[in-house]
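Take a look at the following structure, please.
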Amino acid sequence: MNITTTLGIDVAKNVFQIHGVDYRGKATIKEKISRKKLPLFLAKMNKCNIFMETCGSSNYWGREAQKYGHTVKLIPAAYVKPFVKTSKNDANDAEAIVEAGSRPSMRFAEVKTTNQQDIQCTHRIRSRIISNRTALANEVRGLLAEYGIVIPQGIHKLRAQLPGIIAESEELSGLMKDNVTDLYQEFKQLDEQVKKYDDKIKALCKNNDNCKLLESIPGIGPLTASILASILGNGGSFKNGRNFAAFLGLVPRQHSSGGKTKLYGITKHGDNYVRMLLAHGARNVIRYAGKKNDLVSCWINKIVMRRGANRATIALAAKMARMALAVIKSKKAYNAEHKLILGKAA
């Protein structure tokens, strides 16, 4: 009897495609299974390696499979695509997942815990509220510009000037003042929601040891620390700090051939939200680096003088990512004079 040692699952909403192989790579299972029957199927299966593409519900099904003793590994969809044979369909996708997972050089993602997903969901909701607030602010500016009222750029300027415009402006009719008042009330509600989620994230950081370690790094506050903690977990998904920086797209894009190395701007792979937070934090550190003489500040000042503030910002953001992995793996707070954090181990 052929015993399945590796299983590929093409995750879907209702119907899942299963492809299993034995230790020789010979197919043992090729079938479709409904969402309701999948947990029972996993419970009856002998313990094996299960591969899935990273997608919206892969973490959930990964945790479900782990409950029954299976070893679960997630593969980025971009790494599975080259292994799809002929036409794309569910059966070929499941087979490609197994083929990709069997490669010794394949890169995998860890199954996230519910706590990690809770943090990421909180950040996503907050980000969406901020986008709505920005859209509303732009709408208010555009409408008022039609009446000759121009508000300077910046959310703080809008927040400060809008009440006075509503109360004192002679260009606005009674109806328009009423409309702008409604928009201002909506704007205040969005402000309150942003603050609510800021407080949630701060509370999460207070109860998370990894967040406390990450906040010891200059330029990393509760927002960045919490999202980094949710991505890194215990740090086991990344071999070293450079791998993590590359995962976030903070390393140069390369197009080299024939022994000629060509490096361009950063790749911008990974999560642009995390990359944005690191860049903002790095920019704030650079503002005050000129007044300090620790190792990192001296390094920053040299980069600024040689390459400019913008390149220094990205360079520091990459270094912050490397530092983040170092403190998570070592379980030690950041120390500006520690050579292990600044050197190859970072």
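If only one of ILE75, ILE9, ILE33 is surrounded by 16 or more Cβ atoms within 10 Å (Cβ to Cβ), under 28 Å from GLN117 (Cα atoms) and in contact (Cβ under 8 Å) with a residue 40 or more places away in the chain, which one is it?
It is ILE9.
Of (1) under 24 Å from LYS239 (Cβ atoms); (2) touching a strand residue (DSSP E or B) at 6+ places or on another chain (Cβ under 7 Å), ASN59 satisfies all except one. Which?
Of (1) under 24 Å from LYS239 (Cβ atoms); (2) touching a strand residue (DSSP E or B) at 6+ places or on another chain (Cβ under 7 Å), only one is false for ASN59: (2).
Being of a type in the set (Ser, Thr, Tyr) and over 18 Å from LYS73 (Cβ atoms) is the filter here, so list the residues in the stretch 2-59 that pass it.
Once the filter is applied, which keeps residues that are of a type in the set (Ser, Thr, Tyr) and over 18 Å from LYS73 (Cβ atoms), the stretch 2-59 yields THR28, SER34.
Could you go through the stretch 288-299 and let me know if any residue there is under 25 Å from ALA225 (Cα atoms) and in contact with a strand residue (DSSP E or B) (Cβ under 7 Å, 6 or more places away or on another chain).
no
How many residues does the stretch 126-154 hold that are surrounded by fewer than 14 Cβ atoms within 10 Å (Cβ to Cβ), in contact with a helix residue (DSSP H, G or I) (Cβ under 9 Å, 6 or more places away or on another chain) and of a type in the set (A, V, I, L, M, F, W, C)?
1
Only one of ARG159, ARG107, ARG141 is without any contact (Cβ under 8 Å) to a residue 60 or more places away in the chain, within 30 Å of CYS48 (Cβ to Cβ) and not assigned by TED's automatic domain parsing to the domain that holds LYS67; which?
ARG107
Still on this structure, I have one more. Output the helices (runs of 4 or more DSSP H) that fall wholly within the stretch 21-124 and possess 1 or more residues being basic (Lys, Arg), or say none.
Counting at least 1 such residues, we get 38-44, 58-67.
Could you check the stretch 324-334 and list, in sequence order, the residues that are outside any loop (DSSP other than H, G, I, E, B) and either farther than 25 Å from LEU213 by Cβ or more than 17 Å from the chain's Cα centre (by Cα) (or both)?
Within the stretch 324-334, ALA326, VAL327, LYS329, SER330 meet the criteria.
Give me the residue from the stretch 296-311 that is within 22 Å of GLU215 (Cβ to Cβ) and of a type outside the set (Ser, Thr, Tyr) and, out of that set, surrounded by the most Cβ atoms within 10 Å (Cβ to Cβ).
ILE300
Of the residues LEU228, LEU183, which single one is within 19 Å of the chain's Cα centre (by Cα) and of a type in the set (A, V, I, L, M)?
The conditions single out LEU228.
Something else: Considering only the stretch 258-275, I want to know if a residue exists there that is at positive phi and of a type in the set (D, E, K, R).
Checked the stretch 258-275: at least one residue is at positive phi and of a type in the set (D, E, K, R).
When you scan the stretch 307-322, do you find a residue that is in a helix (DSSP H, G or I), more than 27 Å from the chain's Cα centre (by Cα), over 19 Å from SER216 (Cα atoms) and assigned by TED's automatic domain parsing to the domain that holds LEU228, even just one?
yes
If a residue has to be surrounded by 10 or more Cβ atoms within 10 Å (Cβ to Cβ), farther than 30 Å from GLN120 by Cα and of a type in the set (A, V, I, L, M, F, W, C) to count, how many in the stretch 155-181 make the cut?
Qualifying residue count, the stretch 155-181: 7.
The values are calculated or read from the model by the stated rules, or taken from the named source; none is laboratory data. Treat the numbers as computed from the prediction; the structure is a model and nothing was measured. Cβ sites come from the backbone with ideal geometry, for glycine too, and all protein chains shown count toward neighbours.
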